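The values are calculated or read from the model by the stated rules, or taken from the named source; none is laboratory data. The structure presented is a predicted model; accordingly, all values stated were derived computationally and were not measured. Cβ coordinates were reconstructed from backbone atoms using ideal geometry, including for glycine residues, and neighbour counts include every protein chain displayed.
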Amino acid sequence: MAKHKVTFLPAGVTVEVDPSEFPLGSHGAPGSLLDVALANAVHVEHACGGAGACGTCHVIVQAGAENLSEPTDDELDRVELAPGNTPDSRLACTAVVGGDVTVRIPEWNRNAAPEGQ
Ligand code: FES
């Protein structure tokens, strides 16, 4: 299966993922942006553990939005409540990677202390 490139800004970290290896970890939907980020040491806050219930994993899609799974109504409702959300915002825990994509992690999210630290 073709690999996909996922880039996390502003760090500029690009990782290649193989969908046949999803899930990469145990947080968020298998193959979600959160799953990919955490498996590659990219911190994205995820207060509800990736259950789509908190909105803290909000990221802004810069390119490749068409390569992410379609947002559900629940995701759209939740992301609307995320601080600093934009029309290009998605929840990292529910947006599943299906092609190359670039996302920006909001500053307030990047600066949050990682769990357990
Ligand atoms: Fe809570 Fe994504 S981690 S909504």
Review point. Looking at this structure, is E16 over 14 Å from V103 (Cβ atoms), modelled with pLDDT of 95 or more and touching a strand residue (DSSP E or B) at 6+ places or on another chain (Cβ under 7 Å)?
Key: yes
message: When you check V103 against the structure, is it surrounded by 16 or more Cβ atoms within 10 Å (Cβ to Cβ), more than 10 Å from the ligand (Cβ to nearest atom) and in a loop (DSSP other than H, G, I, E, B), yes or no?
response: no
Taking the stretch 59-82 and keeping residues in contact (Cβ under 8 Å) with a residue 12 or more places away in the chain and away from the ligand (no atom under 13 Å from the Cβ) leaves I60, V61, Q62, A63, G64, A65, E66, N67, L68, S69
Conditions (1) part of a loop (DSSP other than H, G, I, E, B); (2) crowded, with 18+ Cβ neighbours inside 10 Å; (3) within 12 Å of the ligand (Cβ to nearest atom) -> H43 fails only (3)
Residue set G25, G52; condition within 8 Å of the ligand (Cβ to nearest atom), part of a loop (DSSP other than H, G, I, E, B) and either more than 19 Å from P106 (Cα to Cα) or in contact with a strand residue (DSSP E or B) (Cβ under 8 Å, 6 or more places away or on another chain) (or both); output residue G52
